[in-house]
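The values are calculated or read from the model by the stated rules, or taken from the named source; none is laboratory data. All figures in this text were calculated on a predicted structure; none of them were measured in a lab. Cβ sites come from the backbone with ideal geometry, for glycine too, and all protein chains shown count toward neighbours. Note: accessible area is taken over every heavy atom of the protein model, side chains too, but ligands, DNA and RNA are not part of it. Shrake-Rupley method; radii C 1.70, N 1.55, O 1.52, S 1.80 Å.
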Amino acid sequence: QVQLVESGGGLVQAGGSLRLSCAASGLTFSTYVMGWFRQAPGKEREFLAAIKWSTGSTLYADSVKGRFTISTDNAKNTVYLQMNSLKAEDTAVYYCGANRWGRRWSLESEYPYWGQGTQVTVSS
């Protein structure tokens, strides 16, 4: 079965950087798209970025374009989210998701598989 394990969260000062990792297993189809979402307290889960394993094609939310970068290491079956110029409003739990058929990359409902999440706290 599909398993996703996030890591790399923590406390960082505003303007700093973090790199999140998502180690994936059980992904047997090249159609998979991997996405990063976040959820702040009292808010809905928000799409950030997605990447297709087979082609490296990416999609970003406008709110993080230019600050966040999604990438993969296919040899390690790992997806990364490099986050730069962090702001207090980036504070949230960050989740990695797997979208099996690669449809509607920004929609949470298209991702049946999720990791447990990793907390990112940005102090101002």
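Anything in segment 1-31 that is of a type outside the set (A, V, I, L, M) and either crowded, with 20+ Cβ neighbours inside 10 Å or touching an Asp or Glu at 6+ places or on another chain (Cβ under 6 Å) (or both)? List them, or say none.
E6, C22
Looking at segment 81-104, I want the residues that are under 12 Å from A40 (Cβ atoms) and have a partner that is open to solvent by 60 Å² or more (accessible area, probe 1.4 Å) and not in a strand (DSSP E or B) with Cβ atoms under 6 Å, at least 6 apart or on another chain. Which pairs are those?
That search, which allows pairs on different chains as well, returns A88/S124.
If you scan segment 73-94, which residues turn out to be more than 16 Å from G117 (Cβ to Cβ) and of a type in the set (A, V, I, L, M, F, W, C)?
A75, L86, A88
Name the residues in segment 1-44 that are at pLDDT below 95, polar (S, T, N, Q) and within 16 Å of N74 (Cβ to Cβ), would you?
S25, T28, S30, T31
Quick one: which residue in R45, R38 is open to solvent by 50 Å² or more (accessible area, probe 1.4 Å) and of a type outside the set (S, T, N, Q)?
R45
What pairs come up if the first residue lies in segment 27-47 and is acidic (D, E), the second is modelled with pLDDT under 95, and their beta carbons are under 6 Å apart, counting only those six or more places apart or on different chains?
none
So, L107, is that one in contact with a Ser or Thr (Cβ under 9 Å, 6 or more places away or on another chain), within 11 Å of G35 (Cα to Cα) and at pLDDT 95 or above or not?
So L107 fails the test.
Among the residues of segment 105-124, what is the count of those that are among the hydrophobic types (A, V, I, L, M, F, W, C) and either without any contact (Cβ under 8 Å) to a residue 60 or more places away in the chain or in contact with a helix residue (DSSP H, G or I) (Cβ under 7 Å, 6 or more places away or on another chain) (or both)?
So the count comes out to 2.
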